[in-house]
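This report concerns only the one structure given below.
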Amino acid sequence: MNRMAILALILVGMLLVAGCGKRDQQATETTDTGAQKKWVIGMSQCNLGEPWRVQMNKDIEEAAKQYADQIEVIFKDAQNRTEVQQAQVREFIQMGVDLLIISPKEARPLTQPVAEAYQKGIPVIVLDRKVEGDQYTCFIGADNVKIGREAGKYLVQLLGGKGKVVELKGLMTSTPGQERHRGFREGIAGSQIEVVFEADCQWLEPIAQKETQSALARFPQIDAVYAHNDPSAHGAYLAARQEGKGREKTIKFIGIDALPHEGIRYVKEGILTATFEYPTGGKEAIETALKILRGEQVPKNITLGTRIYTKENVDRGGDPL
């Protein structure tokens with residue numbers, strides 16, 4: 001073999017090795033340490049002072065474990081402070097996360113930070129509580145107006161169309177609080193149900209307990225308590241029991257959330273008359289996030305279903321609405 005032929009074979013070999021190396025690099029997309037690159041998801045939770053929100057984070061974490069080789073989720077807790085959540089969203093933007101999931105404390109104050117992420121090309125999933133406008137990729141949540149309406153209709157039926165009711169609201173600067181209130185008023189419209197006392201309890205059991213104590217002191221007749229979440233309903237029950245007049249046995253307590261260890265357990269124990277399921281959407285958020293990251297199209301809004309749990313149906317898993 002002459003010298004030119006040998007040089008040609010060496011050159012071809014070098015090109016083949018280089019080509020294979022390039023293809024391997026493109027296929028694996030490794031980091032500097034040799035580990036396969038993962039998508040980074042930032043999760044901004046408005047607070048972890050509510051059992052339902054703890055469950056949401058747990059559901060997200062459990063769903064993400066199934067895709068541990070593809071995604072990494074970074075959790076941040078805003079500790080029920082809007083300004084902290086605003087700063088955390090902007091921190092995620094600076095980090096350059098691949099996708100943002102946020103469950104906002106309040107709609108209006110979080111609208112701009114979410115829009116900033118969206119406008120910078122970061123897909124945003126808004127979970128449970130809405131923001132204003134449409135500067136986000138996807139909203140996932142249950143129909144709070146429907147849940148409130150069904151709670152109202154249930155109370156009308158339960159009380160025979162008339163009675164005096166206490167409404168313990170969630171945080172009224174959040175969309176679920178506003179929508180559960182509006183739906184409930186629609187549900188009792190045309191009946192003789194009278195809301196004699198209402199208070200913003202900010203989703204917190206101690207506040208609900210204190211407000212119910214005020215209501216009990218003012219009104220000798222209270223037929224039912226409609227609470228925007230199960231902790232508030234439980235707080236109302238505790239207030240009635242502590243009053244010492246036995247009204248915890250005559251008042252009907254209705255809540256929302258239906259966590260297995262909370263609302264559903266309260267129904268089984270006879271503390272709550274009913275609770276309405278409010279799914280966390282954690283599993284759906286991760287599934288939707290992966291579709292977005294893979295370049296698939298997703299709906300702008302994903303509405304989750306609900307169920308009602310009463311003593312009659314709790315053992316069979318409630319009934320869908």
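The values are calculated or read from the model by the stated rules, or taken from the named source; none is laboratory data. As the structure is a computational prediction, the values presented were derived from the model and not from experiment. Reconstructed Cβ throughout: ideal geometry from the backbone, glycine too, with neighbour counts over all protein chains shown. What goes into the accessible areas is simple: the full protein's heavy atoms, side chains included, and nothing from ligands, DNA or RNA. Shrake-Rupley method; radii C 1.70, N 1.55, O 1.52, S 1.80 Å.
Condition first: open to solvent by less than 10 Å² (accessible area, probe 1.4 Å) and either on the phi > 0 side of the Ramachandran plot or outside any helix (DSSP H, G or I) (or both). Now tell me which residues in region 72-96 satisfy that.
Step one: list which residues in region 72-96 are open to solvent by less than 10 Å² (accessible area, probe 1.4 Å), which gives 78, 85, 89, 92.
Selection gives Ala78 alone.
Residues that are surrounded by fewer than 16 Cβ atoms within 10 Å (Cβ to Cβ) and of a type in the set (A, V, I, L, M, F, W, C): does region 98-107 have at least one?
Filtering region 98-107 for residues surrounded by fewer than 16 Cβ atoms within 10 Å (Cβ to Cβ) gives none.
No, region 98-107 contains no residue that is surrounded by fewer than 16 Cβ atoms within 10 Å (Cβ to Cβ) and of a type in the set (A, V, I, L, M, F, W, C).
Could you list, in sequence order, the residues of region 120-139 that are open to solvent by 10 Å² or more (accessible area, probe 1.4 Å) and in a strand (DSSP E or B)?
Within region 120-139, just Phe139 meets the criteria.
How do the helices (runs of 4 or more DSSP H) wholly within region 192-295 filter down when requiring 1 or more residues that are at pLDDT 95 or above and of a type in the set (Asp, Glu): which remain? Give the derivation first.
Details: elements: 205-218, 230-243, 263-268, 282-293.
Filter on region 192-295 gives 205-218, 230-243, 282-293.
Going through region 200-219 one residue at a time, which ones are crowded, with 17+ Cβ neighbours inside 10 Å and among the hydroxyl-bearing types (Ser, Thr, Tyr)?
Matches in region 200-219: Thr212 only.
Based on this model, can you work out whether Asp143 counts as among the acidic types (Asp, Glu) and over 23 Å from Ala274 (Cα atoms)?
Details: among the acidic types (Asp, Glu): yes; over 23 Å from Ala274 (Cα atoms): no.
So Asp143 does not fit the description; no.
Taking region 232-256, which residues are open to solvent by 10 Å² or more (accessible area, probe 1.4 Å) and touching a residue at least 60 places away in the same chain (Cβ under 8 Å)?
Lys252
Go over the candidates Ala208, Ala215, Ala227 one by one and state the one that is touching a strand residue (DSSP E or B) at 6+ places or on another chain (Cβ under 9 Å), hydrophobic (A, V, I, L, M, F, W, C) and over 21 Å from Leu48 (Cβ atoms). Write out each step before concluding.
Numbers: Ala208 fails: over 21 Å from Leu48 (Cβ atoms); Ala227 fails: over 21 Å from Leu48 (Cβ atoms).
The conditions single out Ala215.
Can you tell me how many residues in region 64-95 are under 14 Å from Trp39 (Cβ atoms) and touching a Lys or Arg at 6+ places or on another chain (Cβ under 7 Å)?
The qualifying residues number 3.
Scan region 296-321 for residues that are open to solvent by 60 Å² or more (accessible area, probe 1.4 Å) and either of a type in the set (Lys, Arg) or over 20 Å from Pro104 (Cβ atoms) (or both) and jot them down. Show your work before the answer.
Filtering region 296-321 down to residues open to solvent by 60 Å² or more (accessible area, probe 1.4 Å) leaves 296-297, 299-301, 303, 307, 311-312, 315-316, 320-321.
Across region 296-321, the qualifying residues are Glu296, Gln297, Lys300, Arg307, Lys311, Glu312, Asp315, Arg316, Pro320, Leu321.
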